[in-house]
Each structure stands twice: as structure tokens, then as C-alpha cells.
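S.K.: Have a look at this one.
The values are calculated or read from the model by the stated rules, or taken from the named source; none is laboratory data. If you're wondering where the values come from, they're calculated on a predicted model, not measured in any experiment. Here the Cβ positions follow ideal geometry from the backbone for every residue, glycine too, while neighbour counts run over all protein chains shown. Please note that ligands, DNA and RNA were not included when accessible areas were found on the heavy atoms of the full protein model with its side chains. Shrake-Rupley method; radii C 1.70, N 1.55, O 1.52, S 1.80 Å.
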There are 2 protein chains.
Amino acid sequence: MSRLFTFIGGNDGPWRITSTRAIAGDPLPPALRVRVSAGDESASGSAWALRGLTSNERYVTRLEKTGLVAAQPPVGRPDATCAALVPISKDDSWWNLTQDERRHIFEESSGHIRIGMDYLPAVARRLHHCRDLGRTEPYDFLTWFEFAPADTPAFDELLTRLRATPEWRYVSREVEIRLQRD
Amino acid sequence: MSRLFTFIGGNDGPWRITSTRAIAGDPLPPALRVRVSAGDESASGSAWALRGLTSNERYVTRLEKTGLVAAQPPVGRPDATCAALVPISKDDSWWNLTQDERRHIFEESSGHIRIGMDYLPAVARRLHHCRDLGRTEPYDFLTWFEFAPADTPAFDELLTRLRATPEWRYVSREVEIRLQRD
């Protein structure tokens, strides 16, 4: 299944972990490297394995989508040797909101899409959903970002701005893993 | 995981299959009975096993939710001895739409919620999502309905009205399994 990915933290992989920071809730066990595997992988012997899949978008409108598609780069650019994996969970009060309420907080109030647009095309992003995978997963979402080393300050700013939004009041668990490709 | 359910078609279970009708796409293999299992179950030896999980609502607004919550009955009422399992898939042209476009077709154009309200509290309904389960599932959604025998004509009308909506043009596979509890 091509939409499913496993992020495996351990001793192997092309991505070297340069820092791990628990922003909210429990941290992940320590690991040196990360590899990203297409599909489901049991990853025995690794420090952790996080699974998520790409899916249809939940909030974006056609107008926003047109802007995003025009500006967003793919993952895997040769010069994008920096990455970040940011697993987050949102609390029950988020999931109990209705669609119109979640959309309002997400964009009209927090500007999640608008903020992200300010960092395109520098920062590539791929969102993976975990909440409906059918087994107990530690996070609701895994977001994978890639960017060139020179864009690190811009990426830092992106995270700072997102975390200051009303949407982030619903984030109950968050870890920020920074990586560099060899 | 309490949100995950497995619907198992075979020779066992409290629900006797009274009819199976392929509305769109391939039918399911023949089975005599259905049991609904909370959680994941491998169900070896059964004719088929379909998995899905309840999740946050994707289209309903707060105003609609308030109306639904006031009127909708739970599953498991003793007099609701008739049931239907309706697995459906939607095609890529649906999943490639943006949220505002899907919502517009779903409710403003098709009146999915409005139609459903007309059959409350007679028809209990539980929606299960399969599309993001992380393995290849044959359907995107499984909807389970329960009602009293006297409400069968009303339920027939509900299905007829839903299938006549613009939303149903996106349904690429659909099977209708009618059941009676012993």
C-alpha cells in the first residue's frame, strides 16, 4: 500500500538525528538514525517505529489548494539535506468538535495554511495520518519536513508561529526530531 | 481498540442474512450469517471479513450535530431486529476533491444529513471508516443500520433517496446486505 509509511528510529538509516525535543507529553526512546520505509514494517530491534499514511485533505478549500499546489515542492530534493519529523496528537476536545468548528480554528483563527504558505517553496512537507490506522498508535499525525541547511532559521520560525496558534492548544503530545542526511 | 469493528460473514452469528444485493461493482462471496466483533479479528474460515472504525465526523456542522444528537437512537435496541450492512467505496474523483467541494456535494447539494434526519429515530446508524486503515481494504466505508420490522419500508425509502443524490455518482462499489436477528 503506497500511502502507508513507517518511520524507524534506531541505529540505521540515511537520516542522522541531530536533536530530539519533547514539546508536550512523553519523549520517544533515544535513537541515532531514522529511515523512512514505504509500507508497513515491523522494525524489530529498533528504538521506535511510527506509522502513518497520506490521505485526502481534511480542511483545505479549492482556492487554498490551488495556491498550495503551485508553490509546494516535493520531498526528496537533492539539496534538502535537513529534515524534521514532528509527531503530534490532539486531545479529545479537538476530536469532539464538528467539522466547521475544527476548520474555523485551523484556518480562520490560526492561519495554519496561510503560515505554511509563507515558507514555500523552501520547506517541503508530507502529512501522515495515524489516528484511524485501526491499532493504538502513539500519535494522531506525523509530519515530515525537508529543507536546505540555509533555510533552517525559516523552518524554526515556521514551528514557532504554528505553536503560538489557537490550534496548538489542542495538541496534547508533540516531539520534534531534527535530522541531517549524510 | 474500541473504535474498530470486524463484520464477519459466514455460517455463524446472531444476524441471519435475508438478502445480498450488489448495487455497484463486484458482489461479496455468499454467506449465511453475520457477526459483529469489537476489535480486529482474523476470521479465518469465514466467507468474508470487513473492518472499519468509528471516527470523528467529517462534514457535520454544530447545528446539524445538535439536531442529530437529539434524535438519533443507539444501536442495540431490543425491538430493532432488522439490520443492513452497506459497504461502499467512492472513486478517486471524490477523494481528489477539496473539503469545501465534498461538503457542498454531501449536504448542500445532496442533503445527506437532511435525508437521514427524516428517518430518525426509526433507523439507528453507525458509520465505520476503512479507507485509512493502512492495509488494502475493499471498501471506504461500512454503514450499519438497525430498525424494527415495521420500519422496513421507511428504510427502503431512505436508501432509494440517498442513491438518487449527486453524492452517489461518486460511489464506485456498493453492496447491500439485509439481516434479521434471531
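S.K.: Between A and B, buried accessible area summed over both sides at probe 1.4 Å, in Å² to the nearest 100?
M.R.: Protein heavy atoms only, the A-B interface buries about 2300 Å².
S.K.: With a 1.4 Å probe and all protein chains kept in place, how much accessible area does A:Ser89 have, in Å² rounded to the nearest 10?
M.R.: Accessible area, nearest 10 Å²: 10 Å².
S.K.: Shifting gears a bit: Give me the extension gain from A:Asp26 to A:Asn96: residue separation times 0.36 nm, minus the current Cα-Cα distance, reported in nm with one decimal.
M.R.: This chain segment gains 22.9 nm when fully extended.
S.K.: Using the heavy atoms of the protein chains and a 1.4 angstrom probe, tell me the accessible area per residue for the protein assembly as shown in square angstrom.
M.R.: 45
S.K.: Could I ask something else about it? Within segment A:19-82, what whole-number % of the accessible surface is contributed by carbon and sulfur, with the 1.4 Å probe and all protein chains included in the calculation?
M.R.: Answer for segment A:19-82: carbon and sulfur cover 56 percent of the accessible area.
S.K.: Accessible area drop of at least 50 Å² (1.4 Å probe, protein heavy atoms): which residues of segment A:51-69 qualify, relative to the chain alone?
M.R.: SASA drop of 50 Å² or more in segment A:51-69: A:Asn56, A:Arg58, A:Arg62.
S.K.: Pick out, from B:Ile177, B:Asn56, B:Leu32, the residue whose Cα sits farthest towards the positive end of the charge dipole of chain B, with +1 on the Cβ of Lys and Arg and -1 on the Cβ of Asp and Glu.
M.R.: After comparing all options, I get B:Leu32.
S.K.: Given +1 on the Cβ of Lys and Arg, -1 on the Cβ of Asp and Glu, and no further charges, what dipole in debye does the protein assembly as shown carry about its Cα centre, rounded to the nearest 20?
M.R.: Dipole of the protein assembly as shown, to the nearest 20 debye: 280 debye.
S.K.: Accessible area drop of at least 40 Å² (1.4 Å probe, protein heavy atoms): which residues of segment A:85-106 qualify, relative to the chain alone?
M.R.: Residues meeting the cut-off: A:Thr98, A:Gln99, A:Asp100.
S.K.: Please report the accessible area of A:Asp26 (heavy atoms, 1.4 Å probe, ligands and nucleic acids excluded) in Å², nearest 10.
M.R.: 100
S.K.: At A:Arg77 and B:Thr152, where each label point lies 7 Å from the Cα along Cα→Cβ, what is the point-to-point distance in nanometres?
M.R.: In this crude spin-label approximation the distance works out to 6.3 nm.
S.K.: When the dipole is taken about the Cα centre of segment B:114-154, and only Lys, Arg (+1) and Asp, Glu (-1) are charged at their Cβ, what size is it in debye, to the nearest 20?
M.R.: 100
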